[in-house]
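The values are calculated or read from the model by the stated rules, or taken from the named source; none is laboratory data. From a predicted model like this one, the values you see are computed outputs, not experimental measurements. Cβ placement follows ideal geometry from the backbone for every residue including glycine, while neighbour counts extend to all protein chains displayed.
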Amino acid sequence: MAIVTISRQMGTGAYAMAKELSKKLKYTLIDGPKIAELAKSYGLAEDILERVDEKPPAYITAEDRLQAAT
């Protein structure tokens with residue numbers, strides 16, 4: 001199954017476009033409310049999602065250190 005991701009900024013109308021595109025392609029639109037809904041079925045609390053949603057990881061990996069050194 002193919003996945004389409006759409007990055008956006010507020011006010012661009014990208015959400016409406018994503019909604020329409022998902023209908024035309026017969027894909028499931030996974031947005032914030034859908035993620036919150038599904039997270040509950042996995043036992044994840046909303047506060048955990050708030051802490052990690054669209055944020056970089058709080059740790060530095062070996063790849064990060066290697067890239068910073070170059």
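For the reader, a short list of remarks on this structure follows.
- Residue list for segment 24-47, restricted to those being in contact (Cβ under 8 Å) with a residue 12 or more places away in the chain and not acidic (Asp, Glu): 25, 27, 32, 35, 36
- Those helices (runs of 4 or more DSSP H) of the chain in which at least 2 residues are modelled with pLDDT of 75 or more, considering only elements entirely within it, cover 14-25, 32-41, 46-52.
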